[in-house]
Amino acid sequence: MRKLLEKELCVVTGAGNGIGRAIAERFISEGADLIVATRNVEAAKKIYEGNSQVVDILEVDATDVKDLEKITESVKRTGRKLKAVIPVVGNGPQNPIQEITPEEFHLTMNLNVFSAFFTVQKLIPFMSNKSSIVLISSIAGFQGGKNAIVYNAAKAAVRSMARSFTGELAEKGIRANAISPGPTETQAFTDFVGGDEERRNNIVSQLPIGHIGKPSEIAAVALFLASDESSYVTGAEIIADGGFTNR
Ligand SMILES: NC(=O)c1ccc[n+]([C@@H]2O[C@H](COP(=O)([O-])OP(=O)(O)OC[C@H]3O[C@@H](n4cnc5c(N)ncnc54)[C@H](O)[C@@H]3O)[C@@H](O)[C@H]2O)c1
């Protein structure tokens, strides 16, 4: 069967764990060549070192523009054009409104909004005229919810950026879309649940689909949006939340 990203060069950030790792592994299985970037480079090396489809494993703090230039340099060295850019990095502390510090506010915006924007901005000149940006928002981006006001606002900004990239980059042949995952089984989700089985079961009971999402289920959506299978889809957002928001 034809592979969807055969010999296509793609960039995935946050690829050392969770959803980013699942996206990177799925893209590799679909024939892509990858530049992976993450803060926990040792974990990434254990996963990707020796894989002939992994062009570079970069230690990058996605909140630091200088670090993001390591990705640009890596792409330049290949002399190739990019098929897809997937900035996956994101997270945020859980805090009540009155306890949020300016430092936490900036960190959350940097991790989610700044990192996605500048990853894309730096790589636009290297994207092909038939390429795709896939941003990772969250259902938090269109819901309220306690103890996450800055993360919720940051993810709303990420959704918004996908729509703004769309019109401005269309003439370059670049499509832009967002995925809004619901609860997904990753380290970040485990930390969020904090070992509280009752909390976990309560979340599962609110998921019409009956299970917490697997990172591979988000990766399948990213593959669709990154590949030509979605050639008529741009400025869109796919909610992959097991029905949580429409329960
Ligand atoms: N897990 C969920 O339930 C869920 C739901 C909705 C949206 N999301 C979003 O999906 C994305 C991935 O989340 P996850 O749950 O897989 O997270 P995770 O914490 O399991 O993995 C995040 C990865 O990003 C890396 N990373 C963290 N900060 C970084 C930085 N500053 N620079 C470079 N790399 C960094 C980590 O080392 C790790 O490899 C995030 O944007 C998150 O907001 C997750």
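The values are calculated or read from the model by the stated rules, or taken from the named source; none is laboratory data. Note that the coordinates shown come from a computational prediction; the quantities given were computed from them, not determined experimentally. Cβ sites come from the backbone with ideal geometry, for glycine too, and all protein chains shown count toward neighbours.
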*Read through the list (1) over 30 Å from Gly79 (Cβ atoms); (2) of a type outside the set (Asp, Glu); (3) at pLDDT 95 or above, then give the number of the only condition that Leu135 fails.*
(1)
_Members of the range 118-145 found to be within 13 Å of the ligand (Cβ to nearest atom) and part of a helix (DSSP H, G or I), listed by number_ = Phe118, Thr119, Ile139, Ala140, Gly141, Phe142
_Looking at Glu8 and the list (1) more than 15 Å from the chain's Cα centre (by Cα); (2) surrounded by fewer than 23 Cβ atoms within 10 Å (Cβ to Cβ), which single condition is not satisfied?_
(2)
*Considering (1) within 16 Å of the ligand (Cβ to nearest atom); (2) touching a strand residue (DSSP E or B) at 6+ places or on another chain (Cβ under 8 Å); (3) not charged (D, E, K, R), say which one His106 fails and leave the rest.*
(2)
*Please work out which residue is surrounded by the most Cβ atoms within 10 Å (Cβ to Cβ), limiting yourself to the range 19-65 and to residues that are among the small types (Gly, Ala, Ser) and away from the ligand (no atom under 13 Å from the Cβ).*
Ala32
*Being more than 12 Å from the ligand (Cβ to nearest atom) and not in a helix (DSSP H, G or I) is the filter; apply it to the range 146-173 and report the residue that is farthest from Gly242 (Cα to Cα).*
Gly173
*All positions within the range 1-30 that are free of Cβ contacts under 8 Å to residues at least 40 places away in the same chain and within 10 Å of Ala219 (Cβ to Cβ)*: Ala24, Ser29
*Residue tally, condition among the polar types (S, T, N, Q) and either exposed (fewer than 13 other Cβ atoms within 10 Å of the Cβ) or farther than 20 Å from Ala22 by Cα (or both), over the range 160-189*: 4
_Under 9 Å between Cβ atoms, which residue pairs at least 6 apart in sequence (or on different chains) link something in the range 143-168 that is among the polar types (S, T, N, Q) with a partner that is assigned to a helix (DSSP H, G or I) and within 13 Å of the ligand (Cβ to nearest atom)?_
Gln143/Asn152; Gln143/Thr245; Asn152/Ala140; Asn152/Gly141; Asn152/Phe142; Ser160/Gly141
